[in-house]
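The values are calculated or read from the model by the stated rules, or taken from the named source; none is laboratory data. These numbers were taken from a predicted model, which means no experiment stands behind them. Ideal geometry is used to build each Cβ from the backbone, glycine not excepted, and the neighbour counts take in all protein chains shown. The accessibility values were calculated without ligands, DNA or RNA, using every heavy atom of the protein model including side chains. Shrake-Rupley method; radii C 1.70, N 1.55, O 1.52, S 1.80 Å.
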Amino acid sequence: MHVGPHGMPGDGVLIGGAGTGFSQPHEHRRVELGRDIVSAAYIRGDFVLSSGGRSSYYFDKYLFETKPTILRRLASFLAEMVPSGIDRLAGPELGAVALVTALSLETGIPFVIVRKGSKGYGTSRLVEGELHEGERLLIVEDVISTGSEALNAATKVRQAGADVRGILAVIDREQGGAENIAAAGFRMEALYRLSDLPV
């Protein structure tokens, strides 16, 4: 994947009233969004993660993904990080569905939803939506800890015939997920590392 928005030059987005001419630097907007995500969704306590490990803090993805003002900005930043040539996006249920939908609307790239398990009725598919053999696909995730959920999704879409080109996440908790994903042969990029955020 190409380099994301970290350290990119300002993009000249106008702020303030019409004709003010002030621009808000790109990195400043990324830092501001990170603060808003932490304010909305960072919780301290005793939590069990999807990996089975325990943590003294938790990013409740639903608390930031259900806020339009945050989700819209996330989609804009993530769109800049999507590598060229991607045919389809994939979002694991349930947490990444809103995220991949917003990113699809932002980029115009169609998406599929990856189920945790097949339902016992209807088509019983693990991958919902249109997916063709050999399509170049990007997994979209919210928060990565060990990377197990993202890797499960990557395995399912690969078994369905997709060519998985990488995993794109909002937050890397820096708990071995990037290393585990690399060891499995996939590339990963995150908009934020935990050490980037004011927690």
Going through (1) open to solvent by 70 Å² or more (accessible area, probe 1.4 Å); (2) charged (D, E, K, R); (3) under 20 Å from Val199 (Cβ atoms); (4) modelled with pLDDT of 95 or more one by one, Arg72 fails only at (3)
Working only within region 68-80, note down all residues that are closer than 16 Å to Arg29 by Cβ and free of Cβ contacts under 8 Å to residues at least 40 places away in the same chain. Thr69, Ile70, Leu71, Arg72, Ala75, Ser76, Ala79
Given (1) more than 22 Å from Gly34 (Cβ to Cβ); (2) over 13 Å from the mean Cα position of the chain (by Cα); (3) at pLDDT 95 or above; (4) not aromatic (Phe, Trp, Tyr), identify the lone condition not met by Thr107. (1)
Cβ pairs under 6 Å, 6+ apart or interchain, first in region 23-52 and of a type in the set (A, V, I, L, M), second open to solvent by less than 30 Å² (accessible area, probe 1.4 Å) and not in a loop (DSSP other than H, G, I, E, B), ordered by first then second residue, are Ile37/Phe64; Ala40/Phe64; Ala41/Phe59; Ala41/Phe64; Leu49/Ser55
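Can you tell me which residue in region 32-53 is modelled with the highest pLDDT, limited to those that are aliphatic (A, V, I, L, M) and loosely packed, with under 15 Cβ neighbours inside 10 Å?
First, the residues of region 32-53 that are aliphatic (A, V, I, L, M): 33, 37-38, 40-41, 43, 48-49.
This time we only want the ones that are loosely packed, with under 15 Cβ neighbours inside 10 Å, so: 43, 48.
On the way: Ile43: 95, Val48: 85.
It comes out as Ile43.
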